[in-house]
Amino acid sequence: MDALFDSINVRELLSAQDLSDPTTPLSAPDLRLLIQRLDSHSLQIKSKIQSYLLSHHNDFANLFSVCDDAVSRSNQISDDVGQLLSSISDRPIEVEIGQIMKQMSATTIEVREKKGLLELVRAILEISEKLKGAREGLRNGRLRFTAEELRELKKALRVSDDDRVDEREPVVYSLLRKQWSECFEEIQEVLVRFIGNAVQFERESNRIRVKYVLSVDGNDGIELRTVLEALDVVGILDYGLAKVADLMIKHVISPALNFGAPMSFVTEVNPDSQVMTEATLNIVPSSDPKIEKMDGETIYSGIIQVIKFINNHICLQDVSWIRCFGRLTWPRISELIISNFLSKVVPEDASKLADFLKIIKCTSEFETALREMKFISASDNKDNQLSNFAENVEVHFASRKKTEILAKARNLLLQCDFAAPQEYTRNGKKDGVAAETPGHVDLLFLSESCVVSKAAIQLMKLVHQTLKDVCLSSPRVAFEFYRAARDALLLYEVVIPVKLERQLDGINQVAALMYNDCLYLSQEILGLAFEYRSDFPSSIKEHAMFVDMAPRFHLMAEEILQRQIKLVIHNLREALDGADGFQNTHQMQQFQSAKFSIDQVVFILEKVRMIWEPLLLASTYKRSMCMVLESVFSRVAKDILLLDDMAAEETLELQRLIHVMLESLISLLDALAALQVVKSQEGITCTLDDLIPSLRKIRKLADLLDMPLKSITTAWESGQLYSCGFTSLEVVDFIKAIFQDSTLRRECLGRINGDF
């Protein structure tokens, strides 16, 4: 059979010569020959298959017989399974058994639920009986029993501070909790009344009285220990002792610290036969006239006597009770000791710091004694307030000095009147007294000097003295002094603008003086690091910084100056508004109005000159005044150039007004030019015309008002008008306003516009 599955090689069916060239196409005869040979080969294959099947007939017959048996058996199995299933479905016993099982399961669940409900009812009845017993015990004076019952019931009822209610919980639990809360409030009220009855302050005899056998609402013979135990069991010991703690603070501790003289405490115990019924703590002020004030040992010993009395006769030497009392009172006691004693004995001078060591030792021994009595915790550092305060006395000393420095800085800033010395004259040119005038200072990084307020000078003296102390102090004290110096400087920024708010809204010497102050402070601040940094403690050198403050004062100075310049320019514009744009000045009324506006402008400028020139730096004064003059000249030139029609007489009157304005300001302009000469010697070549561009323009405008048309055109073409700040549009509008329409005007306008 293997020969049947061999591949047929077509080339073998053709003649050998036909295979010489594989690319040669087959001819028709070749194809017919190929078909004949394929048919012959196919017949041979069929013959071989037939002979193979005949020779293996028995094998194939056996194979088919096995397959038939397998099919028959599978059909038999299928029929058996079908009969089994039909027999099962036709019998109802199994269904009944299933129903019985379901009923048993439901009954079991129901029994279990009823059993749980029965247990719940039993628990509720038990809790209700216990609540009833607790109430009865409270009425019978069985305080310890009632407290223990409430504690157990609290666990059973799962009472907590959380108000959320579990929806799956029986409603009766809420009712039981309400009853528990009512009973709890009752015992709490009763126990607090017992405590209030046990510890009382008798004002007449000035003593604390403690009774050990108590009686409230018919409950007689209740011991103080029983009340405290009940408070502890029910978990409200701190609540019960809170009133006693307040009483001891108010009537014993606080008076002892505020009295001003030592107070002694005397404990008396009055036994009744063999049972102690009460104890008293007598508060006795010292009558010794030699003792003027309390020292640390006296204060601490007195407080220890009080706490011993509390431990022995109120807390009955129970460690947990005295610890609870300590948690209630110690924070307030320590604050009272710090505020009424320790903070007041902090040395005012660094040389007296050594004397404070005795107080530090007494404070440490005092806290040790309290730890031994378990009044304060031995492991909680929060209870060491007194030692921490005393041991950090350097910081407290520095803090006090810092407060004093800032208070002094604030006072001198508030008390200074910011009045400029009347005898002051710039650079001593006239009388030579400027250098000796109080308030006259040289700026560190500028080659100029100015006058500043007394506040600025005194403030810098205070800062210099503080920084000298930084160089001589320990690192912690030095750091506080360094911060005090910075804060003192910042006080100027906070206090002065508010103090001088009204003056800064006007044009006056106060604003100029404040500008000088800020400039002076910014210069001095820049020099502080160079002057003191090398002598600072090494730990301060890494953090000390002043250069960040200088820009703030420099910016503050510029803001003050710009505010003054804006105020001046605003006043000048209001004055020029009265000229009504310099219209119709050939009319007498309009001319007088324009002339009055010019006079007002000159008056304002002279007033500003009187304020600024004596106080401001020469460079600042020149820069500011040039800005003001630029606003005036540019406004006048703009108003005149905006006129659309000017008569011949009107041009002459306008020219006259410009000349009046320039002549009135000649002294001011000459003074500015003189300053320019001084500055030019330092290499600055800016002229007055460069600083006031509109000055050249207004002067040229006065010339243009009586110039012929051709001369104006020639002046434009030569570049004179452009160099003075005129634009082609302004020149064109000016010519149209003065000269009537003509061939010459059209020709000149064309030349100006570049048409020719």
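The values are calculated or read from the model by the stated rules, or taken from the named source; none is laboratory data. Every value quoted in this text rests on a predicted model; they were computed, and no experiment measured them. Ideal geometry is used to build each Cβ from the backbone, glycine not excepted, and the neighbour counts take in all protein chains shown. Side chains are part of the model used for accessible areas, which takes the heavy atoms of the whole protein and leaves out ligands, DNA and RNA. Shrake-Rupley method; radii C 1.70, N 1.55, O 1.52, S 1.80 Å.
Could you tell me whether segment 45-91 comes out rounded, prolate or oblate from its Cα gyration tensor? Rule is a ≥ b ≥ c as square roots of the eigenvalues, rounded for a/c under 1.5, then prolate if a/b exceeds b/c, otherwise oblate. Prolate. Amide hydrogen proximity for L157: with H placed 1.01 Å from N in the peptide plane, no residue at 5 or more positions away or on another chain lies under 5 Å.
Helices in the chain, meaning DSSP H runs of at least 4 residues, each add -39500 (n - 2.57). Divided by all residues, the mean residue ellipticity at 222 nm is -22000 deg cm²/dmol.
On a 1.4 Å probe surface of the protein chains, which of E367, E136, E189 comes out largest in accessible area, and what is the full order? Could you put the intermediate results ahead of the total?
Values: E367 0, E136 85, E189 110 Å².
Of E367, E136, E189, the descending order of accessible area is E189, E136, E367.
Note that segment 446-458 has calculated 3J(HN,Hα) couplings of 10, 8, 9, 10, 7, 9, 10, 6, 5, 4, 5, 5, 5 Hz, one per residue in order, obtained from phi through the Karplus relation 6.51 cos²θ - 1.76 cosθ + 1.60 (θ = phi - 60°); glycine and proline are x. According to the Kirkwood relation over distinct C-alpha pairs, the hydrodynamic radius of segment 625-676 is 12.4 Å.
With the cut-off at under 20 Å, measuring from each backbone N in segment 482-505 to a point 7 Å along the Cα-to-Cβ line of Q415 picks out 485, 488-500.
Peptides 637-643, 199-205 ordered by packing proxy, namely the average of other Cβ atoms within 10 Å per residue, highest first: 637-643, 199-205. Its alpha carbons considered, segment 474-625 gives a radius of gyration followed by a Dmax of 22.7, 82 Å. Quick one: Debye curve from the C-alpha atoms of segment 193-249, no solvent, what's log10 I(q)/I(0) at q = 0.21 Å⁻¹? Listed by q, the Debye log ratios stand at -0.82.
The amide H of E223, built 1.01 Å from its N in the peptide plane, has L214 as neighbours under 5 Å, considering only residues 5 or more places off or on other chains.
3J(HN,Hα) along segment 67-76, derived from phi through the Karplus expression 6.51 cos²θ - 1.76 cosθ + 1.60 where θ = phi - 60°, amounts to 5, 5, 4, 5, 5, 5, 5, 5, 5, 5 Hz, with x in place of Gly and Pro.
Dipole orientation for the chain: of the candidates I337, T107, V81, I337 has the Cα lying most toward the positive pole (charges on Cβ; Lys, Arg +1; Asp, Glu -1). Once Rg and the Kirkwood radius are both taken over the C-alpha atoms of the chain, their ratio Rg/Rh works out to 1.39.
How high is the FRET efficiency between K211 and L118 when r is their beta carbon distance and R₀ equals 60 Å, given to the nearest 0.05? It would help to have the intermediate numbers written out before the result.
Numbers: r = 50 Å, r/R0 = 0.84.
It comes to 0.75.
Relative to the present Cα-Cα distance, how much length would full extension add between D689 and H56 at 0.36 nm per residue of separation? Spell out each step's value before the answer.
Numbers: separation 633, 0.36 × 633 = 227.88 nm, distance 13.33 nm.
Full extension from D689 to H56 adds 214.5 nm.
For the pair V660 and D295, label points projected 7 Å from Cα toward Cβ lie 8.9 nm apart. Using a Förster distance of 45 Å, how high is the FRET efficiency between E448 and D380, based on the Cβ-Cβ distance and rounded to 0.05? It comes to 0.10.
Computing FRET efficiency as 1/(1 + (r/R0)^6) for D670 and H543, where r is the C-beta to C-beta distance and R0 is 56 Å, gives about 0.60.
Annotation: peptides 625-636, 581-592, ranked by per-residue average of other Cβ atoms within 10 Å with the highest first, follow the order 625-636, 581-592. In sequence order, segment 627-639 has phi-based couplings of 5, 5, 5, 4, 5, 5, 5, 5, 5, 5, 4, 5, 5 Hz under the Karplus curve 6.51 cos²θ - 1.76 cosθ + 1.60, θ = phi - 60°, and Gly or Pro positions carry x. Extending 7 Å from the Cα toward the beta-carbon at both V395 and V345 defines two label points whose distance is 2.1 nm. Database remark: amide H of S264 closer than 5 angstrom to the amide H of V284, S286 (H placed geometrically; neighbours at sequence offset of 5 or more, or on other chains; Pro and chain starts carry no H).
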